[in-house]
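Let me begin by handing over the structure; questions about it come next.
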Amino acid sequence: MRFIGNKENLVEKIYHLLDIRKIKGKSIFDVFSGTASVSKYFKKLNYKVISADLLYFSYVLQRAYICNNINNNFSKLLKELPKSNNSLFVSPLELIINYLNTLPLIEGFIYQNYTPLGSSKLNIPRMYFSNENGKKIDTIRIQIEKWKIDDLINENEYFILLACLIETVPYYANISGVFAAFQKNWDSRALKSLNLRLIENIINKHENLCYYGNSMDLIKSLEADIFYLDPPYNERQYAPNYHILETIAKYDYPEIYGISGMRDYTNQKSNFCNKEKGFEELKYIIENGKYKTLIMSYNTEGIILKENIIELMKNNGEFELIEFDYLRFKSNSNGVNKNKKYIQEQLYILRR
Ligand SMILES: C[S@@+](CC[C@H](N)C(=O)[O-])C[C@H]1O[C@@H](n2cnc3c(N)ncnc32)[C@H](O)[C@@H]1O
């Protein structure tokens, strides 16, 4: 998924850097898990994984990829659905995805607020999704909820279907990276007909744990060999940049405002988007966390001062900083750094 700071393409390198330093463990706490890409990687290596994030759509992904640890057969639901000709050759999840892809369309909250026709009464109608794709998102989301209410799917199956939708939506959104604004002209991707995608199922031998909320509340109560920190590195809060994914995940008909149709995110603000408060929280994690090794991904554009991080870490154990070039996330709203392609990615390592 396109997500600011997604470590999908970097996690292999991070693992390699740890491996050559003989930093290993049996458990990891992915404290700021976002798309869950780091959690997924370590789950595949059979670590016991704990993940957490302030965003509910991240929790949906965590539940599907990290907590779920079985092959779900959707048996109750499949008994209710029309028999498909190719049911012998495709997985239960594929059968359900195919069914969801062909339902008659409903005009729901996403169509009414984030498509040009649905929001045509506004001075500036919103162009996040084509009219058809907006209805398709509503149709699929409403159907998943109905199956849950009717007790036709269990919790795992519910979160897997929601995760399929969350992973699919960004491919059809008329945005340039984040959901804080829509584009004034249609991107060709947004005009394609939405096709719900499958997600991978990852199974390991542990009881993995997932949390929705402020990770600071978990620091003292959870224990893992490795704490992996990948906090926001600038003033941009995540919640407003992904507000529509949050609304699709919750489907809670929120009050929305402004040109972009933003939902309230008062309770989802991260202190890491503030230099001083971010430093205080980092200090809290380092001093109170129960870990053997703490790894923090950050970069040379991060708002917390490098010398402050170094001093803090040196006071708490054996410390090392690794810096390497990495292609930055490109966004249209980067101001002065618009043309800068490379920043230094940092990996702070602290061993107790
Ligand atoms: C740089 S992103 C993490 C990216 C992630 N490693 C990935 O690969 O997708 C930072 C994440 O931290 C989350 N976050 C920020 N402050 C938080 C807090 N206090 N508690 C939990 N999550 C927080 C944000 O919602 C965001 O998803």
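The values are calculated or read from the model by the stated rules, or taken from the named source; none is laboratory data. Computed from a predicted model, the values in this text were never measured in an experiment. Glycine gets a Cβ as well: all are built from the backbone with ideal geometry, and neighbour counts include every protein chain shown. Only protein heavy atoms, including side chains, enter the accessible area calculation; ligands, DNA and RNA are left aside. Shrake-Rupley method; radii C 1.70, N 1.55, O 1.52, S 1.80 Å.
Name the single residue, out of those in region 7-23 being free of Cβ contacts under 8 Å to residues at least 40 places away in the same chain and part of a loop (DSSP other than H, G, I, E, B), that is farthest from residue 325 (Cα to Cα).
Ranking the qualifying residues of region 7-23, first place goes to 22.
Could you tell me whether residue 153 is within 16 Å of the ligand (Cβ to nearest atom), in a loop (DSSP other than H, G, I, E, B), surrounded by 15 or more Cβ atoms within 10 Å (Cβ to Cβ) and of a type in the set (Val, Ile, Thr)?
Taking the combined requirement at face value, the residue does not satisfy it.
Of these, 128, 41, 99, 111, which one is within 15 Å of the ligand (Cβ to nearest atom) and not in a strand (DSSP E or B)?
Going through 128, 41, 99, 111 in turn, just one is within 15 Å of the ligand (Cβ to nearest atom) and not in a strand (DSSP E or B): 41.
Is there any pair with a first residue in region 260-272 that is assigned to a strand (DSSP E or B) and a second that is at pLDDT 95 or above and charged (D, E, K, R) whose Cβ atoms are under 9 Å apart and which are 6 or more apart or on different chains, and what are they?
263/246; 263/250; 263/252; 263/255
Still on this structure, please answer the following. Quick check on residue 158: is it over 15 Å from residue 195 (Cα atoms), in contact with a helix residue (DSSP H, G or I) (Cβ under 7 Å, 6 or more places away or on another chain) and surrounded by 22 or more Cβ atoms within 10 Å (Cβ to Cβ)?
When the stated conditions are applied, residue 158 does not pass them.
In region 273-293, how many residues are open to solvent by less than 20 Å² (accessible area, probe 1.4 Å) and either free of Cβ contacts under 8 Å to residues at least 12 places away in the same chain or part of a loop (DSSP other than H, G, I, E, B) (or both)?
Residues flagged as open to solvent by less than 20 Å² (accessible area, probe 1.4 Å) and either free of Cβ contacts under 8 Å to residues at least 12 places away in the same chain or part of a loop (DSSP other than H, G, I, E, B) (or both) within region 273-293 amount to 2.
Does region 215-236 contain any residue that is within 26 Å of residue 142 (Cα to Cα) and surrounded by fewer than 19 Cβ atoms within 10 Å (Cβ to Cβ)?
no
I need a count of the residues in region 182-209 that are surrounded by 18 or more Cβ atoms within 10 Å (Cβ to Cβ) and small (Gly, Ala, Ser).
1
May I ask you to list the residues in region 76-132 that are more than 20 Å from residue 195 (Cα to Cα), within 29 Å of the chain's Cα centre (by Cα) and small (Gly, Ala, Ser)?
Result: 118, 119.
Go through (1) more than 16 Å from the ligand (Cβ to nearest atom); (2) in a strand (DSSP E or B) and name the single condition residue 49 misses.
With respect to (1) more than 16 Å from the ligand (Cβ to nearest atom); (2) in a strand (DSSP E or B), residue 49 is out only on (1).
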